[in-house]
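Undergrad: One structure follows; several queries about it will come next.
Values in this text are rule-based calculations from the coordinates and carry no lab data. This is a predicted model, so every value here is computed, not measured. Cβ placement follows ideal geometry from the backbone for every residue including glycine, while neighbour counts extend to all protein chains displayed.
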Amino acid sequence: MRLPIDPQADLARRAWVACPICDDARSCATCADRRNCGEHWRHLISNDGPVIHLQCPQCTHTWSLNTRPDVTRPGDSARCF
């Protein structure tokens, strides 16, 4: 089942990261050169500090990505495993 595009989605707010579900950019030469492709972008729905919330316009998958995973923010508790 495909979800609808999030109503918060705005074409002016985009991100160029690989979709973890459809990986539609895998054979794109522009994306392979790490340039901003006109076809393989993601909706940048919102962010919470370094964590961005995205939606793929191709498969409509939504996910969050921490763009600075090695940095802890004030108030984050350290986790022990």
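Undergrad: Starting from the exponent 0.38 and prefactor 2.2 Å, build the expected Rg for segment 14-66 from its residue count and divide its actual Cα Rg by it.
TA: Compared with the compact-globule rule of thumb, segment 14-66 sits at 1.08.
Undergrad: Quick check: pseudo-label points 7 Å beyond the Cα along Cα→Cβ at residue 13 and residue 34, how many nm apart are they?
TA: With each label placed 7 Å out from Cα toward Cβ, I get 2.6 nm.
Undergrad: Then there's this: Compare the peptides 38-50, 11-23 by average per-residue count of other Cβ atoms within 10 angstrom and give them in order, highest first.
TA: So the peptides 38-50, 11-23, ranked by packing, come out 38-50, 11-23.
Undergrad: Highest mean first, what order results for 51-58, 26-33 on Cβ atoms within 10 Å? Display every interim value, and only then the final one.
TA: Values: 51-58: 18.8, 26-33: 11.4.
Result, highest mean first: 51-58, 26-33.
Undergrad: Right, another one. As a check on your grasp of the helix formula, calculate [θ] at 222 nm for the chain: sum -39500 (n - 2.57) over DSSP H runs of n ≥ 4, divide by the residue count, round to the nearest 500.
TA: One gets -500 deg cm²/dmol as the mean residue ellipticity at 222 nm.
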